[in-house]
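Undergrad: Dropping a structure here in structure tokens format, bear with me for questions.
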Amino acid sequence: MNDSLATGDCASRTPALAADVCSAEVPSRILIVEDETVVALNLADLVTDAGFLALGPVASASEAVRALDQSPPHAAILDMVLKDGVATRVAMELASRHSLHRLLGAAAGRHVLA
């Protein structure tokens, strides 16, 4: 995934540059952290269809932490077990840096150690 947070097919429907999401007219931003491409794209579609701005999706914890610097989200959807490790660090960064009160985490069929 690239630094603009728009990847593949998401490029046309998930503007996520900080300049694009700082105006009052832009809906709430939801960060999507998911390493399974089909799931990530479906989540982005659901978020945008609901009227929110999808940040990402990003596929790793390190990309997610970098995304926080570019555009602070209002909420996040996290796959807690990513290919580069557990997303606990992302959740902690969201809570400490952005006082995020809404967080959805999932890890179907995998063990999570937090």
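The values are calculated or read from the model by the stated rules, or taken from the named source; none is laboratory data. Keep in mind it's a predicted model, so treat the numbers as computed, not measured. A quick note on method: Cβ atoms are made from the backbone with ideal geometry, for glycine too, and the neighbour counts reach across all protein chains shown.
Undergrad: Taking segment 81-100, which residues are in contact (Cβ under 8 Å) with a residue 12 or more places away in the chain and surrounded by fewer than 21 Cβ atoms within 10 Å (Cβ to Cβ)?
TA: Answer for segment 81-100, where residues must be in contact (Cβ under 8 Å) with a residue 12 or more places away in the chain and surrounded by fewer than 21 Cβ atoms within 10 Å (Cβ to Cβ): Val81, Lys83, Asp84, Gly85, Val86, Thr88, Arg89, Ala91, Glu93, Arg97, His98, Leu100.
Undergrad: In addition: If a residue must be assigned to a helix (DSSP H, G or I) and either at positive phi or not hydrophobic (A, V, I, L, M, F, W, C) (or both), how many such residues does segment 49-71 contain?
TA: 6
Undergrad: On to the next question. If I go through segment 48-75 residue by residue, how many of them are within 23 Å of Val86 (Cα to Cα), hydrophobic (A, V, I, L, M, F, W, C) and touching a strand residue (DSSP E or B) at 6+ places or on another chain (Cβ under 9 Å)?
TA: Of the residues in that region, 9 qualify.
Undergrad: Here's another thing I want to ask about it. Could you pull out the residue among Val81, Val26, Val112, Val33 that is in contact with a Leu (Cβ under 8 Å, 6 or more places away or on another chain), of a type in the set (A, V, I, L, M) and modelled with pLDDT under 90?
TA: Exactly one residue qualifies, and that residue is Val26.
Undergrad: For the list (1) out of contact with any Ser or Thr (no Cβ under 8 Å at 6 or more places or on another chain); (2) on the phi > 0 side of the Ramachandran plot, I need the number of the one condition that Val81 fails.
TA: Every condition holds for Val81 apart from (2).
Undergrad: OK, next. Taking segment 54-70, which residues are surrounded by fewer than 21 Cβ atoms within 10 Å (Cβ to Cβ) and in contact (Cβ under 8 Å) with a residue 12 or more places away in the chain?
TA: Ser60, Ser62, Val65, Arg66, Leu68, Gln70
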